[in-house]
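Working notes, structure below.
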Amino acid sequence: QLEAWVTVQRGHAIANNLPLIACNRVGVETANAKFWGNSFICGPQGEFLARAETEAMLLTAEVDMKASERLRRIWPYLRDRRIDAYADILKRYRS
């Protein structure tokens, strides 16, 4: 389960070509509430820049803000979008 959460979050970074900071608390609050931690910072290609595992800690990482721009030139995900099809998302009801 935990690795699935990490994988999904990293996938969001890759899909948007943006760095991502994922916070997840650690420890036990009650007998039924255990928090698994594994907070991390990843770059726009999902690469780990910092990872906390299961202990509470402050994460820092150097993020290359130009990396997203370089990646978007190589992988132009947004270039082929059909913005003409977006009109319905602005409506409360679709006719």
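The values are calculated or read from the model by the stated rules, or taken from the named source; none is laboratory data. Remember, it's a predicted structure, so these values are computed and weren't measured experimentally. When we count neighbours, we look across all protein chains shown, and the Cβ atoms used for this are built from the backbone with ideal geometry, even at glycine. For the accessible areas, the whole protein counts, side chains as well, though only heavy atoms, and no ligand, DNA or RNA atoms are used. Shrake-Rupley method; radii C 1.70, N 1.55, O 1.52, S 1.80 Å.
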>> Exactly one of these conditions fails for A52: (1) more than 24 Å from L78 (Cβ to Cβ); (2) surrounded by fewer than 17 Cβ atoms within 10 Å (Cβ to Cβ); (3) at pLDDT 90 or above; (4) out of contact with any strand residue (DSSP E or B) (no Cβ under 6 Å at 6 or more places or on another chain). Give me its number.
In response: (2)
> Which members of the range 73-89 meet the condition of being open to solvent by less than 100 Å² (accessible area, probe 1.4 Å) and either in contact (Cβ under 8 Å) with a residue 12 or more places away in the chain or closer than 17 Å to A15 by Cβ (or both)?
Replying inline: P76
> Which residues, counting only those in the range 4-49, are farther than 30 Å from P76 by Cβ and acidic (D, E)?
Replying inline: E29
> Are any residues in the range 1-26 crowded, with 16+ Cβ neighbours inside 10 Å, part of a helix (DSSP H, G or I) and among the β-branched types (V, I, T), and if so, which ones?
Replying inline: V6, I14
